[in-house]
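Let me begin by presenting the structure, written as structure tokens, before commenting on it.
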């Protein structure tokens, strides 16, 4: 297989062959909440019709890149430029599908070693060429859009050829991998040796080690296995001022942790080329469990008690009333759905909220934790339905983004966003965000269906993850998205939430960064950038130099 070819199709999520029609139950619920745009069919434009800006790479720079990498690994053909021009945010998809791409890299470079990455950044710094690092291309916050403010030229540096698992240290329980290793490839190597990283973001199939580390990623099992920032013990980063090599250590008191400065830096300081990560032995058993609660409050209270008493379920996902109803609407059998709802009504649950759980580890320990979790769930008036819903969710957990592509073809916009806050504020925050999103879109004449779930637990709080559906406002899709995003972002930071729990900042969240962190911290970040990237070439327009500079 040619490892320089993107794993995702150029215009949308994932690979061809996994799309399907919108299920009747989902369409019925969307029609009731949003209205259904009958007769709409807006497929993506043909690749040959995509409008790209002309390439502006200077001849002398091209010659230097060719000499360093070989001409085969310096590419400026249409397919390569388009497939590396943007991520998979709503604005990205609108531009890709319509063929209106106002920005794209002039060339895509494929280094095969850290030394080549170092040299490429030196050349780009000398030639004043903007650089956008590229892993799997799954950013949903404008994190890899090929902006070039103040620069004539822009190149994308792909980490696709840095794809080796370098070491599995069984004594230390760590793995060292290059940045271009994809999630499935890493897990295959680890599981063959009896280990797992346990890091499964929804983008797992198409995202990379470098992408996870550079965006401070959290996987769907992070409650049990930890976020990526908790699991980085060492890393290598190439910068325009030279390489940074941070050797793996389990802990240190040598000043502020430099690893944490680079984790989440989103390519604005340099390009992460290698990371050493904590791993765990494969669990002896995995025990699924599932409950229906009469309301979101009861389920959230149960989760808080589970986390604060040390149960740490390895998967914990609580859907609110709307998300539970949307999931039930897609059950294969209407009779099955009606029977389940009748079963719940007989037990006093008329507005069900579904909680799925999984406990990993040694069999005796997992059983003990599940028993303790069940006692807490029962105390909060939960109704047990066994483990089947968790097993079903796990089977389909990476397929949801394909539904977004199909819905966009049929005239429905789908956006996702997430936050986190303390337990004491989470319920009010949940309601405020939903209400503000609904109002922002209702004011535009496109009423929304807003779903939410909790999927990451902490002693002090948890995450909230939203999915929003509405009819696309034809001809004003970007303005519609801006209204939605502004309403949600303002509600988050004004009411005790973070602007992003795991999607990162990119360009889309940058307008709220100062409000969350304060201007002094942003000046500190910019000062660090000025030291390692004095020419400002690294991923312009993102994070501390957000879209206000474009």
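Points to keep in mind about this one:
- Residue-averaged 222 nm ellipticity for the chain, from DSSP H runs of 4+ at -39500 (n - 2.57), nearest 500: -11000 deg cm²/dmol
- Between residue 112 and residue 18, the C-beta separation translates, for a Förster distance of 30 Å, into a calculated FRET efficiency of about 0.45.
- Alpha carbon Rg of region 1-48, scaled by the compact-globule rule 2.2 N^0.38 Å: 1.62
- The smallest convex shape that holds all Cα atoms of region 317-427, its convex hull, gives 157 Å³ per residue.
- Coarse-grained scattering of region 443-521 at q = 0.24 Å⁻¹, given as base-10 log I(q)/I(0) from a Debye sum over alpha-carbon atoms: -1.28
- Whole-Å semi-axes of region 108-189's equivalent ellipsoid (Cα gyration tensor): 29, 16, 9
- Distance between region 122-164 and region 504-519 - C-alpha centres, whole angstrom: 21
- Treating each Cα of region 255-396 as one equal point scatterer and applying the Debye formula with no solvent, the log10 of I(q)/I(0) at q = 0.11, 0.12, 0.15, 0.18 Å⁻¹ comes out as -0.54, -0.61, -0.81, -0.99.
- Cα long-axis angle, helix 183-192 against the chain (0 to 90 degrees, to the nearest 10): 70
- Hydrodynamic radius by Kirkwood, which averages 1/r over all alpha carbon pairs of region 24-161, in angstrom: 16.5
- Distance between the C-alpha centres of region 259-306 and region 197-249: 12 Å, rounded to the whole angstrom.
- Note on residue 395/residue 282: beta-carbon distance plugged into 1/(1 + (r/R0)^6) with R0 of 25 Å gives a FRET efficiency of 0.85.
- Look at 92, 59 and count the other Cβ atoms within 10 Å of each Cβ; fewest to most, that gives 59, 92.
- Legend: calculated FRET efficiency, residue 3 to residue 260, from the Cβ-Cβ distance at R0 = 25 Å, rounded to 0.05, equals 0.25.
- Relative to the longest principal axis of the Cα atoms of the chain, the long axis of helix 114-127 makes an angle of roughly 60 degrees.
- Cα-based values for region 409-550, radius of gyration first and Dmax second, are 16.5, 48 Å.
- For the chain, the longest principal axis of the alpha carbon atoms and the long axis of helix 59-69 meet at an angle near 70°.
- Convex hull of alpha carbon positions in region 161-309: directionally averaged projected area 11.3 nm².
- Potential extension, residue 474-residue 173 segment - 0.36 nm per residue separation minus Cα distance: 103.1 nm
- Here the spin labels are modelled as points 7 Å beyond Cα on the Cα-Cβ line, and at residue 126 and residue 41 they lie 5.5 nm apart.
- Against the rule of thumb 2.2 N^0.38 Å, how large the Cα Rg of region 431-478 comes out: 1.42
- Distance between region 59-80 and region 402-434 - C-alpha centres, whole angstrom: 41
- Each residue in 359, 73 was given a count of other beta-carbon atoms within 10 angstrom of its own, and listing them fewest first yields 73, 359.
- Residue exposure sequence - 206, 151 - by fewest surrounding Cβ within 10 Å: 151, 206
- Zero-based 5 Å bins, Cα pair distances in region 231-323, whole percents: 2, 10, 15, 13, 10, 10, 13, 13, 9, 4, 1, 0
- The base-10 log of I(q)/I(0) for the chain, evaluated at q = 0.08 Å⁻¹, reads -0.52 [Debye formula, identical scatterers on Cα atoms, solvent excluded].
- Taking the convex hull of the alpha carbon positions in region 103-240 and averaging its projected area over all directions gives 8.7 nm².
Values in this text are rule-based calculations from the coordinates and carry no lab data. Small disclaimer: the values here were computed from a predicted structure and weren't measured. Cβ atoms come from the backbone with ideal geometry, glycine included; neighbour counts cover every protein chain shown.
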